Amino acid sequence: MRALQLTDGFGGRGDQFYECLITTHQGLSDGESRALNARLVLLLANHIGDLEVISQACTAARASLAAVAVQQP
Amino acid sequence: MSNYQYPRYPYRTPRELGVGAPARHPVIIVGAGPVGLAGAIDLAQQGIASVVVDDNDTVSVGSRAICWAKRTLEIFDRLGVGERMIAKGVTWKVGRVYHRDRELYHFDLLPEGGHKMPAFINLQQYYVEQYLIERAAAFPHLIDLRWKNRACQVENSATGVTLGIETPEGSYRLETEWLIAADGARSTIRTLLGHPFEGSTFEEKFLIVDVRLDAQYPSERRFWFQPQFDSSQSVLIHRQPDDVFRIDFQLGWDADAEAERRTERALERVRRVVGPEVHCEFEWCSVYTFRCARMPHFVDRRVIFAGDAAHVVSPFGARGGNGGIQDIDNLCWKLASVLRNEAPAALLESYDSERGHGADENILNSSRTTAFMTPKTSAEREIRDGVLALAATFPFARALVNPGRLSRPCSLAGRPGFAADDGGIVGAMLPGTACADAPVQDARGASGWLLHYLGSHPVAMVFVDGPADAAQIEREASECGIGGLRVVLIAPDARGARASVLGDCEGLVRARYGGARGVTYLIRPDQHVLARWPQWQPQALRAAWQTCLGSHLS
């Protein structure tokens, strides 16, 4: 089983990735931004293709939401 | 109030006051801040006289620039003040980043061994200026420091500059071959010459406070995103000498600057950070809005802009003061070469292009930090908060958390004038890279540092097996036609050899420079690799040096 990569996958260019993501959202309404994020997830998930990896990512994201919810009652 | 005793430097009547024809100087520097002072010292070390005028008569009020990076310390060391700065400065290693009350991660900057200078130190700008002023006094015939002399008028031409100056006793004029405008973000010279200074202002206000705390208060650098103890968006605390701590509060755009800069209000915030039981004394505070901006060109005929006068960035990453010192490092040997008629004036265009590149790199990094720290829309905020939430658990997200990317030496690899690298040498010291330091031993067995031996000259550094080759390489280098070329030969052991031979006592020069026998580096006076070859070939040196001096020529 392939494991979800949780260490830096950007080869030290994380800031560039972040800038790209923010720039892509520029000028959009909140609704449009949510819609954009949904499309991004679909595109990237298709690129990854490996359902086991995707499922681990889904679990990790969901768990992180829950952790924040506990912290901010 | 403050423990630091601000020195008052005496105003002296300028000898040109009331005299008809203005005297002509090789260089006038406007502004006696870190950048202007470093410039005067660098020029003086190369035998060039300068007049420095400053409208004030003391050092920086308040700590202002406090974080000095390794490359800057190496430049200060070349200028003869590095050891004093590190002796006084605080060398910090451990940093912690929090989101609300949760620690996301911490880091320990265990530095790589074998460098004279630490990764960086914290030292208040007033100490930096004071030490530079005291160092400048070592050149009484080359540095003419004039306090309470305010530049108020400037005429620039292709052949020189006339500067109008006001003093407490009246006005006078000076003429100069070259003028360095190091007069800060609100540069008078830039304004008088009508140059644009464009960029973006970030809609954010910061309160910065210096307080003195109990000596036992921890030295760790701590950064909070959305701290639970205070209403600010972020808080940063780090230690300076004399038990003075700098605390930055990100207040938000709508904050009332007047109310926030009141001492009592600032102290209330400080107590929320350090806890009510910690004794604290107020030193200084200021509320500021930052922006990123640069001049399109740093050279206008005979006026050269350096430091904040030429470019400003947000403070996160400590790229303002460090960037300014790198400007001076890049500029002064070029200006000295031009004044000695060893290079055409057009060499200074490479200052504009190289430091323009440096400024762009600093602005890019600082803009990215700002985007992370100040989300502008709810979508940006959701992404940012997502990164912070994931960073608590997942290492990849820690690399995306951006509370500032600390200043690193700017690489000039691939810029005009630097040789292309053919890949024949192992190691990261590509042409365009600032030289890495390493421990060495001289012929008498005394320990020292490589950068000290590179100094402020063009250098041919050649790896040899033993001292036997030294005399021949020295002779061939002296005949290659590069004025002032210094030869540094790196051997496994230098004891008993000629003075040009350095012993690579820990093998680190060889490791860092891929130093197989014959490997040759040509190094600029600002300690940047200009070209390198797998074999000693003296005839190649001159061509590379000519390309460097004439890189402006098409």
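A short reminder: the numbers here are calculations on the coordinates, not readings from a lab. All values reported here derive from a predicted model rather than from experimental measurement. Neighbour counts are summed over all protein chains in view; Cβ atoms, including those assigned to glycine, are modelled from backbone coordinates with ideal geometry.
A few remarks follow.
- Alpha-carbon radius of gyration plus Dmax, which is the widest Cα pair, for the stretch B:102-141 in Å: 17.0, 58
- Protection proxy ranking for B:9-19, B:69-79, using the average of other Cβ atoms within 10 Å per residue and placing the highest first: B:69-79, B:9-19.
- Difference of contour (0.36 nm per residue) and Cα-Cα distance, B:Ala428 to B:Thr377: 14.3 nm
- A DSSP coil position with no more than 12 other Cβ atoms inside 10 Å describes the following chymotrypsin sites (Phe, Trp or Tyr not before Pro) in the stretch B:203-260: B:Trp253.
- Viscosity 1.306 mPa s, 10 °C: Kirkwood-radius Stokes-Einstein D of the stretch B:261-368 over Cα pairs, µm²/s: 97 µm²/s
- Residue-wise HN-Hα coupling along the stretch B:187-196, computed from phi with Karplus coefficients 6.51, -1.76, 1.60 (Hz; x: Gly, Pro): 2, 5, 4, 4, 5, 4, 7, x, 7, x
- The stretch B:206-289 - Kirkwood radius from inverse mean 1/r over Cα pairs (Å): 12.7 Å
- Vicinal HN-Hα couplings computed from phi for the stretch B:277-289 (Karplus, 6.51 cos²θ - 1.76 cosθ + 1.60; Hz; Gly/Pro x): 7, 7, 5, 9, 10, 6, 10, 6, 8, 7, 10, 9, 10
- Distance from the stretch B:198-241 to the stretch B:145-168 (C-alpha centre basis), Å: 39 Å
- Taken about its Cα centre, chain A carries a charge dipole of roughly 160 debye when the Cβ of each Lys and Arg holds +1 and the Cβ of each Asp and Glu holds -1.
- Relative contact order %, chain B, counting alpha carbon pairs below 8 Å whose residues are six or more apart: 14 percent
- The loop-placed trypsin sites (Lys or Arg not before Pro) in chain A, going by DSSP, that have at most 14 neighbouring Cβ atoms within 10 Å of their Cβ come out as A:Arg2, A:Arg13.
- With neighbour counts taken as other beta-carbon atoms within 10 Å, the residues B:Met461, B:Met429 rank, fewest first, as B:Met429, B:Met461.
- Computed lengthening from B:Gln216 to B:Phe282, 0.36 nm per intervening residue step minus Cα-Cα distance: 22.0 nm
- Looking at the stretch B:149-189, the trypsin sites (Lys or Arg not before Pro) that sit in a DSSP loop and have at most 11 other Cβ atoms within 10 Å of their own Cβ are B:Arg186.
- Reachable lysines from B:Lys205, criterion Cα separation under 19 angstrom, eight or more residues apart if same chain: B:Lys376
- Cut-off 17 Å (backbone N to label point 7 Å along Cα→Cβ of A:Cys58), residues of the stretch A:1-32: A:2-5
- Spin-label model, B:Glu264/A:Ala38: points 7 Å from Cα along the beta carbon direction are separated by 5.4 nm.
- Those aspartates and glutamates that a straight Cα-Cα span of less than 12 Å connects to B:Lys148, excepting residues fewer than 8 apart in one chain: B:Asp54, B:Asp55, B:Asp57, B:Glu166, B:Glu169
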